[in-house]
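Asker: This is the structure I want to talk about, given as structure tokens.
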Number of protein chains: 2
Amino acid sequence: MKQVLPILVVLLFGLNAAAQNIQSPNGKLSLSFGLTGDGEPTYQLSLVSKPIVRQSRLGIELKDQAGFSKGFSIVKADTSQKDETWEPVWGEVKQIRNHYRELTVTLQQAASKGGRLIIRFRLFDDGLGFRYEFPEQEGLKYFVVSDEMTEFNLTGDHKTFWIPGDYDTNEYAYFTTKLSEIEATKGEAFKDIAVKTIIGANAVQTPLMMKTADGLYINIHEAALVNYPAMNLAVNKQTFGLVSHLVPDPVGNKAYLQAPDKTPWRTIVVSDKAAEILASKLILNLNEPTRLQDTSWIKPQKYVGIWWGMHIGKYTWNYADVANIKLAETDWTKLKPNGRHGATTENTKRYIDFSAKHGFAGVLVEGWNVGWEDWFGKWKEEVFDFVTPYPDFNVTELQAYAAARGVKLIMHHETSSSVTNYERRMDEAYSFMKRHGYDSVKTGYVGKIIPRGEHHDGQWMVNHYVRVAEQTARHKIMLDVHEPVRPTGLHRTYPNWLASEAARGNEFNSGWSPAGNPPEHETILPFTRLMGGPMDFTPGILQIKFDDYQPERKGQLRTTVHSTLAKQLALYVTMYSPLQMAADLPEHYERFLDAFQFIKDVAVDWDDTQILEAEPGDYLTIARKAKNKDEWYLGAITDEQSRTADIALAYLTPQRWYVATLYTDAPTAHWQDNPMAYQIQNFLVNDQTRLKILLANGGGAAVSLKPASAEDMKKYKRYQ
Amino acid sequence: MKQVLPILVVLLFGLNAAAQNIQSPNGKLSLSFGLTGDGEPTYQLSLVSKPIVRQSRLGIELKDQAGFSKGFSIVKADTSQKDETWEPVWGEVKQIRNHYRELTVTLQQAASKGGRLIIRFRLFDDGLGFRYEFPEQEGLKYFVVSDEMTEFNLTGDHKTFWIPGDYDTNEYAYFTTKLSEIEATKGEAFKDIAVKTIIGANAVQTPLMMKTADGLYINIHEAALVNYPAMNLAVNKQTFGLVSHLVPDPVGNKAYLQAPDKTPWRTIVVSDKAAEILASKLILNLNEPTRLQDTSWIKPQKYVGIWWGMHIGKYTWNYADVANIKLAETDWTKLKPNGRHGATTENTKRYIDFSAKHGFAGVLVEGWNVGWEDWFGKWKEEVFDFVTPYPDFNVTELQAYAAARGVKLIMHHETSSSVTNYERRMDEAYSFMKRHGYDSVKTGYVGKIIPRGEHHDGQWMVNHYVRVAEQTARHKIMLDVHEPVRPTGLHRTYPNWLASEAARGNEFNSGWSPAGNPPEHETILPFTRLMGGPMDFTPGILQIKFDDYQPERKGQLRTTVHSTLAKQLALYVTMYSPLQMAADLPEHYERFLDAFQFIKDVAVDWDDTQILEAEPGDYLTIARKAKNKDEWYLGAITDEQSRTADIALAYLTPQRWYVATLYTDAPTAHWQDNPMAYQIQNFLVNDQTRLKILLANGGGAAVSLKPASAEDMKKYKRYQ
């Protein structure tokens, strides 16, 4: 027995403390889980044998009861693996492989009646996801999370692409600094963001993109953010350790949970190739499949809209120039129209005509509904009713007009962040939509949240965004959300949720933001914001230098987009979204119909995507195959530096000639000095061709590739 | 010019500082308004020449901008008067006279661009109402009230009937002390109130009832509380000064207003006769008339209900005995019923039969809808859906059953204070009601409010209660609200809002409250809580000593109501409400059918009310004439002391004999020792008769008076 006993002891107790290891399917990544001497759960992520994340602690604190941070033993450690393929309703690719090894550790605190915690790890070839799970147990039914202490202890002073941690906004331009240089409370561009709740000097948001000195790319984010607040990261600038910082509610609590329950997945995507970060499907794979049986009504689309005109000051959202509106008491027919209202019946017809002529599916109209006279910055609850049009916007007339031309009007619900008001009214508002032929809505959350004290990124609002996704789905309505929490892959579960803004979009290049967007901005966003989901970036401003519609503000207002014209076309490929706006004014497009052709042609749903060249903050070259067509669309963009994009076409169907239409910067183009100089050339290409395209400073190029007809073969020359 | 100038100066500047005075129509009350040396507005209220309220300051502080508290001059002082009569849709009397003198002072701060404030005073024969008004002006559009400093500087250490100032509850038993002895943070009975937010040792709620050493009665409250937080009062125990203390929102602000705007009326009802306090219509007169064109669907009513059975532990609200329900995920048919569910089809049919047999209009059923298994105390948002019945409650079968018997089921919506959930669901819930034959709903707000950080008595919730009143009116639904902010006369504007609880009702006399209600409780409530509106007190428990349905809790649970049986009948008259419950179990009433007859007979809508004897905290004798009938109903109650009620009948139609049916305490009755001993006697009476009825300790008497028929004249003897 003497010999057996120690073995038994090891067997019995060995599990309690022994490190648990799994490797990714290709064996290169390894995850190690263990407990410290105090029974604190820790994990470690390595590439081959090199740490990416050093030993880092995990834990959850609860309010008014014992938390889940130490005193654990390992009760069970199960491993499994999965290898399946699934098809998204729409996406960058037709099929997605979900291939991982899973480690599920069940932990038990000795001291506690309950004290049981599960941590589930999924290790993919390109990264790790893990989450906390709270099984039903004695002493744990309803509980309140007061803090989460998930550490990501990094191995060096990595180059980091970051924006300030904030409970309410994600509309910052990116900073690129070392971890040790993060200082989140000072910034020039902050003045153009209306509602901010910056956490502090040392906190940043996710997705967080990093590059190590060794050339390893690391991206930290979360997947499937439901029923929990968003995770920011507090940075230790000496140790390069990050720790989770959750968004609080009005009374300082973080999350209200009910066992059995779970947190979102914390994700770490890793590769030595920047392109593989962008190609990663880890976050989508961690999200729940959709439960919708019928998704036939969900259609990726391109749209135009009465929108840019307001941002550049040509139109107004409001009908009259008055302040101090009480919604329920106003007789709108008695107000004097200011003569610059964008959303008039007449103007909308013009946009519908343009849309029909050029084959766009929809026309967004902002400012159609009463309340815009004093909607902004008042923290006003009864701000909009979402069903009463202005006197100059005829809902039924436009319904018929659009239907006769095969165009849909896109509804606009700016909530002004008065969310209790929106939730009271949304059912009626969605019924109104369906009655009047609308099947898509763009929502907005500009302003401080009501319920007062809640934040855009807190648990209550996270649940609200999901309620809207569910409710619109019930009405078979497609959804585009502006100013919400940044996405985390939920469009897999809610495929009617086509896109979100949730970052600093092209609108910051219109007049009202003095800073605008720096030229590197669009080379960073795919590595950060877009890791969680598509962005309604609203590209396609071809009138780069636009008129000054508010000369009384001369000198204070910019009138130029920080981009070349060709780059604006490239963005339709590099800035993935199933919902893309041709954002400029029709009258501007009519000046550039040749360039506009790319926008008309480009697809919004894809069979395949090739990330050809990629460096965060510097450049991006992407090729995508249109769904169910033998057409490819390429986009190449650069930052403030000029470069030559080197574009292989090896993915084309072999032994077939294509017409490549190249929309490029003219040789003399420059984002500041000469942004609108572009050229269009056509060539015959095949899978052997390698395109070399000069991109101007702050420039880009867009290429469409369609099978060459016999006529094309005669008309065009081969690319040299 | 020398002589003229001073006169001109006086004329020009005299208005700025000169006191403004008005008197009540009968000349006995006078109000004086003036400014201090610092330009602070002040008022003073006197009876004949004797101060009731000494010079007291008025003022409003704003957040982030100059407030309205000092530096004023008087720009204008207008006086007017009104004398009109109006008819309420239902009430204690058929007609109400609105007779007052009004002083409206317009004040201007010199320093400010805007700085204009209006204070409107209305002086009635029985008291004063005043409010602040904020006219449209430069610099004032959207503004935030950070504090209100309305003083009520009293003249002595008055005897005061008070409950603690609290942001969330009004369910305290009353304290009777001098002002100097107020200590609001210690109390035995506090343990049985689930959600409390006591302000502090020196704060009390309104309505606040006082009696001076000289025998003057003073009641302070507010009227027309809309779009503003409730007013509590902070007490200075040395100076006997009170100052307003408003309920804050989650971020510490008090009210979000938009010019032109106004506060509620602050009211001071005054009389040397306690009866006149109760008879005062000042608060109703300050409320807005209703805008409803058609009020024919609004019907005062009496109801029974599956309710008391749960409070005494015979039934449960919940269907199964499980905890940890997730509403959307539960298959209710799979749960094991606990066999004690109150709201079953069978039990409801029994109540419908009882109701039909005895002529009650409606049957309330609590616990009909899923979610009761773990609804309480979890601060749970998705707690009820208000449309899904339990497996043992057949909505359509009961709809038909009730309709066939001419009885209405009364809907129950316990919100559990998850108000965002209720607001999302209420439209569907009201439609569900109308589809299934319900035209009345009892709502409840048990628990901590969601939106988290809001309070039951804050501006947001005040607006919610009004939204519910408006929304139910749109659906032609009558409303009874439990656990809201205490009423302030809004039932004039929203006559479908029949009653509220908003105080410590008869349910505290059931088993779960160890303290119960003291016998004086019902002699105080009409002078406090009921000054603002009717109370759904739920009287009529005749089985005073009831069975112990939870013997496992023996010794911890009371099984007796702190009242005699006869007092329970009297309460139908002394506790005014157009909605009255016969609250006991049918099987209990069947034991006391002779006493129950009073409950069946008593009216709930009145042509006239006579307050015959009244002393707050001691006794109350009231007579009321049934609407459109020559019938009177009398109620007399006492506190823990026995007394003889001396009841004149001078208001009866002259030269007519009536049968008086007297339901009284038996001579040996006592609220503690022998509460169920009662007797019923019939006599012939007329307008010359004076009834003298002995009320037991903690007892009462109820009398019905109906015209005597020829047969009655032979059958009964005259009262001696």
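Asker: Could you pull out every residue, at least 5 positions away or on a different chain, whose amide H is within less than 5 Å of the one on B:Asn98? Hs are placed 1.01 Å off N in the peptide plane, and Pro or chain starts have none.
Answerer: For B:Asn98, whose amide H was placed from the backbone, the distant partners under 5 Å are B:Glu84, B:Thr85, B:Trp86.
Asker: Still on this structure: How far is helix B:459-474 tilted off the main Cα axis of chain B, in degrees rounded to 10, range 0 to 90?
Answerer: On a 0 to 90 degree scale, this one is about 60.
Asker: Give me a single rounded figure for A:452-465: the average over its residues of other chain Cβ atoms within 10 Å of their Cβ. It would help to have the intermediate numbers written out before the result.
Answerer: Details: counts 12, 8, 4, 0, 0, 0, 1, 2, 5, 0, 0, 3, 2, 0.
Neighbouring Cβ atoms belonging to other protein chains average 3 per residue here.
Asker: For the protein assembly as shown, what does the alpha-carbon gyration tensor say about shape, rounded, prolate or oblate, given a ≥ b ≥ c as the root eigenvalues, a/c under 1.5 as rounded, and a/b over b/c as prolate? Walk me through the numbers on the way to the answer.
Answerer: On the way: a/c = 2.24, a/b = 1.69, b/c = 1.32.
Since a/c reaches 1.5 and a/b is larger than b/c, the shape of the protein assembly as shown is classed as prolate.
Asker: Along each of its three principal axes, how wide is the spread of alpha-carbon positions in region B:177-266, in whole angstrom units, largest first?
Answerer: Result, largest extent first: 43, 35, 23 Å.
Asker: What pairs from A:Lys625/A:Lys717; A:Lys141/B:Lys349; B:Lys63/B:Lys159; B:Lys28/B:Lys692; A:Lys254/B:Lys191 go past 26 Å between their alpha carbons?
Answerer: Values: A:Lys625/A:Lys717 23 Å; A:Lys141/B:Lys349 36 Å; B:Lys63/B:Lys159 36 Å; B:Lys28/B:Lys692 34 Å; A:Lys254/B:Lys191 28 Å.
Over 26 Å Cα-Cα: A:Lys141/B:Lys349; B:Lys63/B:Lys159; B:Lys28/B:Lys692; A:Lys254/B:Lys191.
Asker: Would you mind checking the tilt of helix B:395-404 against the longest principal axis of the Cα atoms of chain B, expressed as 0 to 90 degrees and rounded to 10?
Answerer: Approximately 80 degrees, to the nearest ten.
Asker: Can you check what the net charge comes to around A:Asp147, using other residues whose Cβ is under 11 Å from the Cβ of A:Asp147 (Lys, Arg +1; Asp, Glu -1)?
Answerer: Working: positive: A:Lys63, A:Lys254; negative: A:Glu61, A:Glu148.
Taking every Cβ under 11 Å from that of A:Asp147, the sum is 0.
Asker: Quick check on chain A: what are the equivalent-ellipsoid semi-axes from the Cα gyration tensor, as sqrt(5λ), descending, whole Å?
Answerer: On the way: eigenvalues 382, 208, 105 Å².
Each semi-axis is the square root of five times an eigenvalue, giving 44, 32, 23 Å.
Asker: Could you name the lysines whose alpha carbon sits less than 18 Å from that of B:Lys434, not counting residues in the same chain fewer than 8 places away?
Answerer: Correct list for B:Lys434: B:Lys299, B:Lys408, B:Lys442, B:Lys476.
Asker: Would you mind pulling out the separation of the Cα centroids of region B:675-720 and region B:417-439, in Å?
Answerer: Cα centroid to Cα centroid, the span is 46 Å.
Asker: Next up: Excluding ligands, DNA and RNA, what is the accessible area buried between chains B and A, summed over both sides, using a 1.4 Å probe, to the nearest 100 Å²?
Answerer: Adding both sides of the contact gives about 2600 Å².
Asker: Mind ranking A:207-218, B:466-477 by how tightly packed they are, going by the mean number of other C-beta atoms within 10 angstrom, highest first?
Answerer: Sorting A:207-218, B:466-477 by mean packing, highest first, produces A:207-218, B:466-477.
Asker: Can you tell me how region B:514-635 classifies by the Cα gyration tensor, rounded, prolate or oblate, using a/c under 1.5 as the rounded cut?
Answerer: Working: a/c = 2.42, a/b = 1.48, b/c = 1.63.
Because a/c hits 1.5 or more and a/b fails to exceed b/c, region B:514-635 counts as oblate.
Asker: Sticking with this structure for a sec: For chain A, take the longest principal axis of its alpha carbons; what is the angle in degrees between that and the long axis of helix A:419-435, to the nearest 10 within 0 to 90?
Answerer: That works out to roughly 50 degrees.
Asker: Report in % the part of the accessible area of chain B that belongs to carbon and sulfur, leaving out ligands and nucleic acids; probe 1.4 Å.
Answerer: Details: 12620 of 25660 Å².
Here it works out to 49 percent.
Asker: At each listed q (0.09, 0.12, 0.13 Å⁻¹), what is the log10 of I(q)/I(0) that the Debye formula gives for region B:351-499 modelled as equal alpha-carbon point scatterers?
Answerer: The calculated log intensity ratios at q = 0.09, 0.12, 0.13 Å⁻¹ are -0.28, -0.50, -0.59.
Asker: Follow-up. On the Cα set of region B:59-213, report Rg and Dmax in Å, please.
Answerer: Cα only, region B:59-213: 19.9, 53 Å (Rg, Dmax).
Asker: Another question about this same structure. Tell me the per residue accessible area of chain A using a 1.4 Å probe; a whole number in Å² is fine.
Answerer: Working: 25640 Å² over 720 residues.
Accessible area per residue, chain A: 36 Å².
Asker: Additional query: With a ≥ b ≥ c taken as the square roots of the eigenvalues of the C-alpha gyration tensor of region A:362-429, please select rounded if a/c is under 1.5 and otherwise prolate if a/b is larger than b/c or oblate if it is not? Mind dumping the intermediate values first?
Answerer: Working: a/c = 2.49, a/b = 2.01, b/c = 1.24.
Since a/c reaches 1.5 and a/b is larger than b/c, the shape of region A:362-429 is classed as prolate.
Asker: Here's something else I'd like to know. Report the net charge of residues surrounding A:Gln20, where surrounding means a beta-carbon distance below 11 angstrom and charges are Lys +1, Arg +1, Asp -1, Glu -1.
Answerer: Details: positive: A:Lys76; negative: A:Asp78.
Overall, the nearby charge balance is 0.
Asker: Moving on to the next point. If we count every other residue with Cβ under 11 angstrom of B:Gly200's Cβ, Lys/Arg +1 and Asp/Glu -1, where does the sum land?
Answerer: Numbers: positive: none; negative: B:Asp166, B:Glu183.
Net charge in that neighbourhood comes out at -2.
The values are calculated or read from the model by the stated rules, or taken from the named source; none is laboratory data. Values in this document were obtained by computation on a predicted structure and should not be read as measured data. Heads up, the Cβs are rebuilt from the backbone with ideal geometry, glycines too, and the neighbour counts pull from every protein chain shown. The area values use the complete protein model at the heavy-atom level, side chains included, leaving out ligands, DNA and RNA. Shrake-Rupley method; radii C 1.70, N 1.55, O 1.52, S 1.80 Å.
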